[in-house]
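Novice: Quick one: this structure, given as structure tokens, is what I'll be asking you about.
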2 protein chains.
Amino acid sequence: MDDIRELKRVLHKENLRYTSQRKAVWDELCSSSDHRDAESIYLALRNSGIRVSRATVYRTIEVLVRHNMVRRLDLGDGRSRYENKLDPKHHDHLICLSCGRIEEFVDPDIEKLQEKVAEKHQFALRKHIHQLFGYCKDCQ
Amino acid sequence: MDDIRELKRVLHKENLRYTSQRKAVWDELCSSSDHRDAESIYLALRNSGIRVSRATVYRTIEVLVRHNMVRRLDLGDGRSRYENKLDPKHHDHLICLSCGRIEEFVDPDIEKLQEKVAEKHQFALRKHIHQLFGYCKDCQ
DNA sequence: GTTTCTATGAGACTCATTCTCATTTAGGGG
DNA sequence: CCCCTAAATGAGAATGAGTCTCATAGAAAC
């Protein structure tokens, strides 16, 4: 991956050091486009022999989220999930209540309507959460 | 409040007993249309002299949510909020990132588009979370 | 290489929520 | 009204995701 450049750029900008652990966490988040929780990232790294602690995984994710390289998702089960956000196309999520499967959707009309709602309420919109919960076609 | 009837009906339907604690939690949730967390409900009841435990507050809310009398909100700060849902008009939320103020919104067009998205993905839609985060007019 | 100052790891800690289990209570007979 | 039994409750222990602490390791500057 050459997205390492992006990581270096961001760390440099904040006067943070480029370390093997920060690289490893970012690589792991780039290696799949899944919705990963912190523990699974921690375990994946440990299992591939990388010496890292949970604290560092959390601390690194924190930095990545702050710099918009990673998006934090809350699926309502008490564990945050993270997805690599370098691929810049915005999307929201459909979540199956039975099997947990996650599908992504984009709807420009909804996006526009959201902006109108915010405007009407005089809110300066920064982000949104839009999640549809139901049963996927295999679970109905 | 005469919504006590609704509580009795639901408890009866599930062969659960009508207790003073369950009544108190439900009353408290009806007494304001706010977005309350479990601790504030617990404290409000204790302060008005009602003998109840945190466990019972949580257990009762669980029943109320299961029976659609209460909606659970997740504002992303690690504490669930609850709102009385007897007043049946559905709404979603605008949340101020600075002062925490919550405004409600309804947009029938968005609701319709959501259904279309679910249909396109062959999901049987059960519920959704739609939250807009930004800065309210006082905080900008 | 030495200095300096940030990053890390291990494990303690926090805090919302859930669980356990001994005790109390609701509610249907008698 | 009282009894009986299963369900509900309270107190506090347990859980689990996430954060904090602090001694040590390692990067960057000199």
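Quick note: the coordinates plus some simple rules give every number you see, no bench work behind them. Owing to the predicted nature of the structure, the values given are computational and were not obtained by experimental measurement. Every residue, glycine among them, receives a Cβ derived from its backbone with ideal geometry; neighbour counts consider all protein chains shown.
Novice: Which residue is nearest to the other protein chains (Cβ to nearest Cβ), if the candidates are limited to segment B:2-23 and must be in a loop (DSSP other than H, G, I, E, B) and more than 12 Å from DNA strand D (Cβ to nearest atom)? Break it down into steps so the answer makes sense when it comes.
Specialist: Taking segment B:2-23 and keeping what is in a loop (DSSP other than H, G, I, E, B), we get B:2-3, B:14-19.
Then keep just the ones that are more than 12 Å from DNA strand D (Cβ to nearest atom); that gives B:2-3.
On the way: B:ASP2: 32, B:ASP3: 26 Å.
Once the filter is applied, the top-ranked residue is B:ASP3.
Novice: Among (1) closer than 30 Å to A:ARG81 by Cβ; (2) touching a Ser or Thr at 6+ places or on another chain (Cβ under 8 Å); (3) part of a helix (DSSP H, G or I); (4) hydrophobic (A, V, I, L, M, F, W, C), which single condition is B:TRP26 missing?
Specialist: Going through (1) closer than 30 Å to A:ARG81 by Cβ; (2) touching a Ser or Thr at 6+ places or on another chain (Cβ under 8 Å); (3) part of a helix (DSSP H, G or I); (4) hydrophobic (A, V, I, L, M, F, W, C) one by one, B:TRP26 breaks only (1).
Novice: While we're here: If you check A:ARG72 against the conditions, is it assigned to a strand (DSSP E or B), within 9 Å of DNA strand D (Cβ to nearest atom) and surrounded by fewer than 18 Cβ atoms within 10 Å (Cβ to Cβ)?
Specialist: Details: assigned to a strand (DSSP E or B): yes; within 9 Å of DNA strand D (Cβ to nearest atom): yes; surrounded by fewer than 18 Cβ atoms within 10 Å (Cβ to Cβ): yes.
It is true that A:ARG72 is assigned to a strand (DSSP E or B), within 9 Å of DNA strand D (Cβ to nearest atom) and surrounded by fewer than 18 Cβ atoms within 10 Å (Cβ to Cβ).
Novice: Checking B:GLU83 against (1) under 18 Å from the mean Cα position of the chain (by Cα); (2) more than 16 Å from DNA strand C (Cβ to nearest atom); (3) in contact (Cβ under 8 Å) with a residue 40 or more places away in the chain: exactly one of these is not met. Which one?
Specialist: Of (1) under 18 Å from the mean Cα position of the chain (by Cα); (2) more than 16 Å from DNA strand C (Cβ to nearest atom); (3) in contact (Cβ under 8 Å) with a residue 40 or more places away in the chain, only one is false for B:GLU83: (2).
Novice: Quick check: anything in segment B:24-38 within 14 Å of chain A (Cβ to nearest Cβ), closer than 29 Å to A:GLU115 by Cα and more than 16 Å from DNA strand D (Cβ to nearest atom)?
Specialist: No, the conditions are met nowhere in segment B:24-38.
Novice: Counting just the residues of segment A:99-140 that are assigned to a loop (DSSP other than H, G, I, E, B) and facing chain B (nearest Cβ under 7 Å), which one comes out surrounded by the most Cβ atoms within 10 Å (Cβ to Cβ)?
Specialist: Just the residues of segment A:99-140 that are assigned to a loop (DSSP other than H, G, I, E, B), to begin with: A:99-101, A:106-107, A:121-123, A:136-140.
Narrowing the set further to residues that are facing chain B (nearest Cβ under 7 Å) leaves A:107, A:121-123, A:136-137, A:140.
On the way: A:ASP107: 18, A:HIS121: 17, A:GLN122: 14, A:PHE123: 25, A:CYS136: 20, A:LYS137: 11, A:GLN140: 11.
Here the residue is A:PHE123.
Table: residues versus (1) in contact with a Lys or Arg (Cβ under 7 Å, 6 or more places away or on another chain); (2) surrounded by fewer than 18 Cβ atoms within 10 Å (Cβ to Cβ).
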position: A:ASP3; (1), (2): no, yes
position: A:SER20; (1), (2): no, yes
position: A:GLU39; (1), (2): no, yes
position: A:LEU45; (1), (2): no, no
position: A:ARG51; (1), (2): no, yes
position: A:VAL65; (1), (2): yes, yes
